[in-house]
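Below: one structure, written as C-alpha cells.
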Amino acid sequence: MGTVTIGVSIAVPEPHGSLLQQRRAGFGDAAAHGIPTHVTLLPPTEVDDSELPAIEAHLAEVAGAGRPFVMRLSGTGTFRPLSPVVYVQVAEGAEACTWLQKQVRDASGPVARELQFPYHPHVTVAHGIDDAAMDRAFEELADYRAEWACTGFALYEQGTDGVWRKLRDFAFGGAVVPPQAGHATRGTIPSC
C-alpha cells in the first residue's frame with residue numbers, strides 16, 4: 001500500500017478541451033500536456049491508495065445528488081500577483097461548481113480538506129510562466145467563449161510522470177439537461 005495524488009474535476013469537453021490545452025502549451029506552459037483542461041472541484045490531494053474505494057463511493061453519492069447544468073466560459077481573469085495564473089472565467093455554472101466542491105470536500109467525507117485559497121471555479125490557461133507570456137494568454141483569450149451541458153465530473157490520479165489520468169467518471173443523478181444548453185457546443189477563439 002502507498003499514497004496516490006488524486007483530483008476531482010469537471011472536464012472541458014471537445015473540441016474546447018483540446019483547443020485550450022493547445023493554447024496553454026503555445027503560451028509556454030510545460031505542464032499543459034499533462035493536465036486535461038478542467039474546472040477543479042478537488043485540488044491535488046494525497047491519499048492512501050486503500051482509501052480509493054471509499055472516495056469513489058463518496059463521489060458517486062455526490063454525483064447522485066447533482067443535476068446537469070449549463071457551463072459557460074467567457075473571457076479571461078488572473079490571480080496575479082497572489083498566484084501566477086491566467087484563466088478562462090466560468091461565466092455560468094459557478095454556483096453549481098461551488099456547491100459540488102463543497103460536497104466533495106465535506107467534513108464528514110473521506111477527502112475533507114481545507115483550501116489554500118478561497119474556491120473560485122476557473123479553467124487555467126497559463127500557470128507559472130513568464131509575465132510576458134501570461135499577459136499574452138490574458139489578451140489572446142479575452143474573447144474566448146464556450147458553452148455546454150455539464151452532466152458530471154471525474155476522479156483523476158497524477159502519475160509518477162506528472163500526467164493526470166482519469167480513473168472514473170461520475171454522472172449526475174438527474175437526467176434533465178437544461179434546454180438552453182442542448183444546442184450550445186461551440187467555442188470561439190479569436191484568430192491570432
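Against the definition (in contact (Cβ under 8 Å) with a residue 40 or more places away in the chain and either exposed (fewer than 14 other Cβ atoms within 10 Å of the Cβ) or touching a helix residue (DSSP H, G or I) at 6+ places or on another chain (Cβ under 7 Å) (or both)), how does residue 90 come out, yes or no? When the stated conditions are applied, residue 90 passes them. For first residues located in region 31-47 and over 25 Å from residue 106 (Cβ atoms), partners that are surrounded by fewer than 17 Cβ atoms within 10 Å (Cβ to Cβ) and hydrophobic (A, V, I, L, M, F, W, C) and lie 6+ apart or on another chain with Cβ distances below 7 Å form the pairs 32/25; 33/25; 34/163.
I'd like to check something: does region 160-167 contain any residue that is in a strand (DSSP E or B) and touching a helix residue (DSSP H, G or I) at 6+ places or on another chain (Cβ under 7 Å)? Scanning region 160-167 turns up at least one residue that is in a strand (DSSP E or B) and touching a helix residue (DSSP H, G or I) at 6+ places or on another chain (Cβ under 7 Å). If you go through region 52-86 and keep only what is more than 14 Å from residue 122 (Cα to Cα) and either part of a strand (DSSP E or B) or of a type in the set (Gly, Ala, Ser) (or both), you end up with 54, 57, 60, 63, 64, 65, 66, 69, 70. It is to be established whether one or more residues within region 142-154 are over 27 Å from residue 5 (Cα atoms), over 17 Å from the mean Cα position of the chain (by Cα) and in a helix (DSSP H, G or I). Within region 142-154, none of the residues are over 27 Å from residue 5 (Cα atoms), over 17 Å from the mean Cα position of the chain (by Cα) and in a helix (DSSP H, G or I). Here the condition is being acidic (Asp, Glu), modelled with pLDDT of 95 or more, over 30 Å from residue 48 (Cβ atoms) and in contact with a strand residue (DSSP E or B) (Cβ under 9 Å, 6 or more places away or on another chain); of 139, 157, it holds for 139 alone. When residue 83 is tested against the conditions (1) loosely packed, with under 13 Cβ neighbours inside 10 Å; (2) free of Cβ contacts under 8 Å to residues at least 40 places away in the same chain; (3) closer than 30 Å to residue 2 by Cα; (4) not basic (Lys, Arg), the lone failure is (3).
Residues of region 11-38 that are over 28 Å from residue 69 (Cβ atoms) and crowded, with 21+ Cβ neighbours inside 10 Å: 27, 29. Here residue 28 fulfils each of the conditions (1) more than 17 Å from the chain's Cα centre (by Cα); (2) part of a strand (DSSP E or B); (3) farther than 22 Å from residue 115 by Cα apart from (2). Return a yes/no flag: does region 34-51 have any residue that is assigned to a helix (DSSP H, G or I) and among the hydrophobic types (A, V, I, L, M, F, W, C). Scanning region 34-51 turns up no residue that is assigned to a helix (DSSP H, G or I) and among the hydrophobic types (A, V, I, L, M, F, W, C).
The values are calculated or read from the model by the stated rules, or taken from the named source; none is laboratory data. Since this is a predicted model, take the numbers as computed values, not measurements. Glycine gets a Cβ as well: all are built from the backbone with ideal geometry, and neighbour counts include every protein chain shown.
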